[in-house]
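This report refers to the structure that appears directly beneath it.
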Amino acid sequence: MITVVVLSERLDAVLPAAALPALRSAKAVYAGEGVPLEFWSSLGVDGPAPAVVEDGAVVITTEASAYPDARVITTPEPMGAALLDAAAVMHRLRSPGGCPWDAEQDHLSLRQYLLEETFELLEAIEDGDRAAMREELGDVLLQVLFHARVAAEDPADPFDIDAVASELVAKLVGRHPHVFEGNDPAVHDATSQAHRWEELKQVEKQRESSVDGVALGQPAVALASKLVQRTKRAGFPVDLLPEGDDTGTTLFAVTALAKLAGEDPETELRQVCRRFAANVREAEAKARAEGVDSLAAEDWRRFWPS
């Protein structure tokens, strides 16, 4: 049998490990379609593939269709290879000859889509819908690629997706010294790592306050929760939390107590909202089934799920 080894176009002359036994025992090794001459020596190629390849030979190529009956060994793409394709597609859409709508967008016009896609991803996670999660993660990734492509055109302070990724890598490596530097005595479990992360972030960003960097534009329950989390880490005493009987202070107090108890009040409230919305729909559906289109208070009570 002929063995065909399909190289990755991204990895040049890198052979898959699974092909090595066949190469070692091959009667001959030939270069097929797409393999440049300069790689022949490193790949151990004896010469170009003849019209008829004998059994026991190996053909190294980038296209296996010419050998339909051969045993095919493919080269796994490097992790993240498809991200290169996604960035290339975004570049094409934004470039001259691409999509007119994409070309007109800027950071401000794209804000609403980032929020929408993020909330749709949250809904997919809450529903446990794996297919929707995969799709919505892609839509969030699109927003990152889109903003980075727009940023690359800024005349005063341009940056691109590689700058975004490089900064992320530096941040992740710098905040995980116990992983990338071999040891960090301050980290011994997930809780201590969370504290260490905040300490390193504080030093890195030279923040003067424990609440610096908290996005004040986020939803109020999430904002209150984050403020309590940050101040708790800074040793803030519970008795100094806001007090009062007004609605805002009461909501803050409930959020703070939940967060201090180790709960996520934003998630808890969202779950209650989703259950309430589902019950509303069920009651309305029952009413419609009985020909009731306009519900009075007693109708709501009659059709409300038990």
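The values are calculated or read from the model by the stated rules, or taken from the named source; none is laboratory data. Only a predicted model underlies this, so the values are computations on that prediction, with no experimental measurement involved. Cβ coordinates were reconstructed from backbone atoms using ideal geometry, including for glycine residues, and neighbour counts include every protein chain displayed. Remember, those area values only see protein heavy atoms, side chains included, never the ligands or the DNA or RNA. Shrake-Rupley method; radii C 1.70, N 1.55, O 1.52, S 1.80 Å.
Quick notes on this one:
- Residue satisfying all of: in the range 9-19; within 12 Å of residue 73 (Cβ to Cβ) and out of contact with any Leu (no Cβ under 8 Å at 6 or more places or on another chain); surrounded by the fewest Cβ atoms within 10 Å (Cβ to Cβ) among these: 17
- Residue within the range 20-33 that is open to solvent by 20 Å² or more (accessible area, probe 1.4 Å) and in a strand (DSSP E or B) present: yes
- Helices (runs of 4 or more DSSP H) contained entirely in the range 38-131, each with at least 3 residues that are modelled with pLDDT of 90 or more and open to solvent by less than 70 Å² (accessible area, probe 1.4 Å): 81-94, 107-127
- Looking only at residues of the range 229-252 that are open to solvent by 50 Å² or more (accessible area, probe 1.4 Å) and of a type in the set (S, T, N, Q), we find that the one that is nearest to residue 195 (Cα to Cα) is 250.
- Residue in the range 11-19 that is at pLDDT 90 or above, part of a strand (DSSP E or B) and not hydroxyl-bearing (Ser, Thr, Tyr) present: no
- Extreme residue, nearest to residue 61 (Cα to Cα), among residues of the range 26-41 that are in contact (Cβ under 8 Å) with a residue 24 or more places away in the chain and more than 37 Å from the chain's Cα centre (by Cα): 32
- Looking only at residues in the range 256-306 that are of a type in the set (A, V, I, L, M) and either under 19 Å from residue 227 (Cα atoms) or touching a strand residue (DSSP E or B) at 6+ places or on another chain (Cβ under 7 Å) (or both), the one that is surrounded by the fewest Cβ atoms within 10 Å (Cβ to Cβ) is 261.
- Within the range 150-173, residues that are touching a residue at least 60 places away in the same chain (Cβ under 8 Å) and under 27 Å from residue 104 (Cβ atoms) have Cβ atoms under 8 Å from residues that are in a loop (DSSP other than H, G, I, E, B) and open to solvent by less than 70 Å² (accessible area, probe 1.4 Å) in these pairs: 161/152, counting only partners at least 6 apart in sequence or on another chain.
- Residues in the range 179-210 that are of a type in the set (Lys, Arg) and either touching a Pro at 6+ places or on another chain (Cβ under 6 Å) or open to solvent by 40 Å² or more (accessible area, probe 1.4 Å) (or both): 196, 205, 207.
- Looking only at the range 211-226, and only at residues there that are open to solvent by less than 90 Å² (accessible area, probe 1.4 Å) and touching a Leu at 6+ places or on another chain (Cβ under 9 Å), the one that is nearest to residue 267 (Cα to Cα): 221
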